[in-house]
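What follows draws every value from the coordinates through simple rules; no lab data is involved. Everything numeric here is computed off the predicted structure, so don't read it as measured data. Backbone-built Cβ (ideal geometry, glycine too); neighbour counts: all protein chains shown.
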Ligand SMILES: [Zn+2]
C-alpha cells in the first residue's frame, strides 16, 4: 500500500545504513528517519550475529555495524 503524500527521492526499497558503537543501542526508525519510514520503535541487535548486520522487520532497512565494537561491561 502506498500512502506517500509527497514525492521523495527514495526509490530504493532496500536501504542500508552503517552504524557505529555511538549509535547503540540501535533502534529503528532512527530519529532522523523520514516520515514515510516511521513505524513502531524496534530495537535491533546488530552485534548479535558475526556479520554485524540486523534487518528491521518493519521497514526492511539493513543496519550494518562498522568500526570498533563497544567494550563489554562485565
Ligand atoms: Zn525500520
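Numbers below:
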| item | result |
| --- | --- |
| Proxy reagent accessibility, fewest Cβ within 10 Å first, across 20, 61 | 20, 61 |
| DSSP bridge pairs, region 16-65: antiparallel proportion in percent, nearest 5 | 60 percent |
| Sorted by Cβ neighbour density within 10 Å, fewest at the top, the residues 16, 68, 53 | 68, 16, 53 |
| Fewest-first ranking of 56, 28, using other Cβ atoms within 10 Å as the exposure measure | 56, 28 |
